[in-house]
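First comes the structure, then the notes that go with it.
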Amino acid sequence: MKLAIIGTGYVGLTTGTCLAELGHEVICVDNDPVKLEKLKSNKSPIFEPGLEELIAKNTAAGNLVFTDDISNTVKNSEVIFICVNTPPKPDGQADLKYVEAVAREISQSLNSDYKVIVDKSTVPVRTAEKVKETLLRYSDKNAKFDVVSNPEFLKEGTAVIDTLEPDRIVIGVDNEESKAVMLKVYKPLIDKSPAPVKIVSVRSAELIKHGANTFLATKISFANLIAEACEVAGADALEVLEAIGLDDRIGSKFLNPGVGFGGSCFPKDISAFKKTLEVLGIDPSLVSAIELINEHATERFVKKIEKQLWVLDGKTIGILGLAFKPNTDDIRNAPALKIISKLVADGAKIKAYDPEAMENTKKVFPNLEYCPDPYEVSKGSEALIVCTEWPEFKKLDLQQIKSLMKTPIIFDGRNIFNPSDASKNGFKYFGIGR
Ligand code: UDX
Ligand code: UDX
């Protein structure tokens, strides 16, 4: 099938590349010339395991093309996926100006050839109706199209696997014609994947996405609440949460306490869902609590550092991990950045290392001392702070780290070290909930 992807960010680029890998002819459109130039030379603008290889393979095979020409792309495609960003407005609601702008652009190229327009971006319930209204308002009266919702559930760092081996495929449609088209799009995946395909209404599909992300964030905030209770009561959060998660009805995933969740999705989607509930006249207290606990997790961690180190002015502090999670170079809403801001405001000198996210962080904090590895970060530091659980950090030689530091103190914001190992190696160790 001939497919168009509008917006080649984390979601659009991964989706487009994987749909090409499944055998479709995919044209990806973006209005960022720098991004397009990279993509045209087979370079991925983002670090995402496996993605660059698939871009090169499918570009060479001729079924993946990058362009800024939305008009011809729409004319030549049967299905058009809207994958542009939906950032938060100052009051938390989703800003849909890019979705609207793209819908208007698409409308100019619709004609009597039937097309399906897919809302892939995460949007509040009933957005598809607004997209349809927009398309009707600006398109030729003979234009034939349907708008459907097809949320993605990919996680950064495992985006390619999540797309090619999904837990479920959710397709929100309101008629048989668009349902048939969407099933044809996913046929190559459905044929080889055991994942259930949920055909639901458009509104349900929109709510599934916000609901799923809010539930995952709820688990994390719950874990952070338990962690605080454990610290105050003198229990071990990992023991408590492991045993809680062994109940099949609860499950152990996404119960890791830490410095709070970040990224481009959870913080934005949770606040957008809260606004949606308010608009629907529903009490959003549960969602507000999830947000508050998340902010508190980061603040509590910084307070712990301030309490132990007392005066931070002039002290050198080492940061391990800048990305909002491992296996990505994405620093959007990364807890590390909030922690660094606070420490810098207190007068601390920061040395930092991240395997992939230093270039992005330099744009926000040009004046930190960026180091080539964790050992270099440790040199002369009065405390080491773990903000992201990159696998390589778990294998560090603690004896060597200790010999390089001025004072051996670790604040482990992701519980990657065993407290007794750290103590045996002579560290003063502070984990989360332990
Ligand atoms: C975004 C949303 O934030 C998320 O909620 C949604 O589920 C999918 O899209 P992401 O892919 O991470 O997530 O966004 P981003 O990396 O910002 O990519 C958006 C892309 O769209 C950018 O490459 C941007 O240049 C492009 N874009 C944006 C357009 O091509 N045209 C526009 O009008 C606006
Ligand atoms: C999330 C959703 O998981 C995905 O389905 C959706 O499509 C996009 O948003 P992503 O933001 O890429 O994906 O990463 P995710 O693995 O969900 O982690 C989000 C944040 O939660 C990270 O900051 C991570 O460190 C944090 N987290 C996750 C915890 O603090 N504890 C956990 O147990 C799990």
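The values are calculated or read from the model by the stated rules, or taken from the named source; none is laboratory data. Predicted, not measured: the structure shown is a model, and the values here were computed from it. When we count neighbours, we look across all protein chains shown, and the Cβ atoms used for this are built from the backbone with ideal geometry, even at glycine. Only protein heavy atoms, including side chains, enter the accessible area calculation; ligands, DNA and RNA are left aside. Shrake-Rupley method; radii C 1.70, N 1.55, O 1.52, S 1.80 Å.
On the given criteria, is A297 open to solvent by less than 60 Å² (accessible area, probe 1.4 Å), within 16 Å of ligand 2 (Cβ to nearest atom), among the aliphatic types (A, V, I, L, M) and outside any helix (DSSP H, G or I)? Answer is no for this residue.
Applying the set (1) touching a Leu at 6+ places or on another chain (Cβ under 9 Å); (2) under 25 Å from N418 (Cβ atoms); (3) touching a residue at least 60 places away in the same chain (Cβ under 8 Å) to K379 leaves exactly one unmet item: (3). Within region 162-173, residues that are among the polar types (S, T, N, Q) sit with their Cβ atoms under 7 Å from residues that are buried (at least 21 other Cβ atoms within 10 Å of the Cβ) and in a helix (DSSP H, G or I), at 6+ positions apart or across chains, in these pairs: T163/T14; T163/T15; T163/C18. Within region 4-28, if we keep just the residues that are under 11 Å from V65 (Cβ atoms) and touching a Leu at 6+ places or on another chain (Cβ under 9 Å), the residue that is farthest from ligand 1 (Cβ to nearest atom) turns out to be E25.
Within region 203-254, the set of residues being in contact with a helix residue (DSSP H, G or I) (Cβ under 7 Å, 6 or more places away or on another chain), more than 30 Å from K130 (Cβ to Cβ) and open to solvent by less than 30 Å² (accessible area, probe 1.4 Å) comprises S221, A223, N224, A227, C230, A237, L241, G251.
Checked against (1) within 16 Å of ligand 1 (Cβ to nearest atom); (2) within 26 Å of A223 (Cα to Cα); (3) open to solvent by 10 Å² or more (accessible area, probe 1.4 Å), K304 passes all but condition (1). Taking the stated definitions as given, is T276 within 16 Å of ligand 1 (Cβ to nearest atom), of a type in the set (S, T, Y), within 21 Å of G413 (Cα to Cα) and out of contact with any Lys or Arg (no Cβ under 6 Å at 6 or more places or on another chain)? Considered against the rule, which asks whether it is within 16 Å of ligand 1 (Cβ to nearest atom), of a type in the set (S, T, Y), within 21 Å of G413 (Cα to Cα) and out of contact with any Lys or Arg (no Cβ under 6 Å at 6 or more places or on another chain), T276 comes out as no.
Inspection of region 380-390 identifies at least one residue that is farther than 21 Å from F301 by Cβ and either at pLDDT 95 or above or within 21 Å of the chain's Cα centre (by Cα) (or both).
Checked against (1) within 16 Å of ligand 2 (Cβ to nearest atom); (2) at positive phi; (3) not polar (S, T, N, Q), V123 passes all but condition (2). You will find that of K402, K406, the residue that is over 22 Å from P335 (Cβ atoms), open to solvent by 60 Å² or more (accessible area, probe 1.4 Å) and out of contact with any Phe, Trp or Tyr (no Cβ under 8 Å at 6 or more places or on another chain) is K406 and no other.
Taking region 192-250 as the range and being among the acidic types (D, E) and touching a strand residue (DSSP E or B) at 6+ places or on another chain (Cβ under 8 Å) as the test, only E206 passes. Take A357 and decide whether it is buried (at least 24 other Cβ atoms within 10 Å of the Cβ) and over 26 Å from N425 (Cβ atoms). When the stated conditions are applied, A357 passes them.
Go through region 87-119 and give me each residue that's within 16 Å of ligand 2 (Cβ to nearest atom) and either open to solvent by less than 10 Å² (accessible area, probe 1.4 Å) or on the phi > 0 side of the Ramachandran plot (or both).
Across region 87-119, the qualifying residues are V118, D119.
Between L292, L286, L277, the distinction of being open to solvent by 60 Å² or more (accessible area, probe 1.4 Å), free of Cβ contacts under 8 Å to residues at least 24 places away in the same chain and part of a helix (DSSP H, G or I) belongs to L292 only.
Of the candidates P267, P284, P257, the single residue that is within 11 Å of ligand 2 (Cβ to nearest atom), touching a helix residue (DSSP H, G or I) at 6+ places or on another chain (Cβ under 9 Å) and closer than 23 Å to P90 by Cα is P267.
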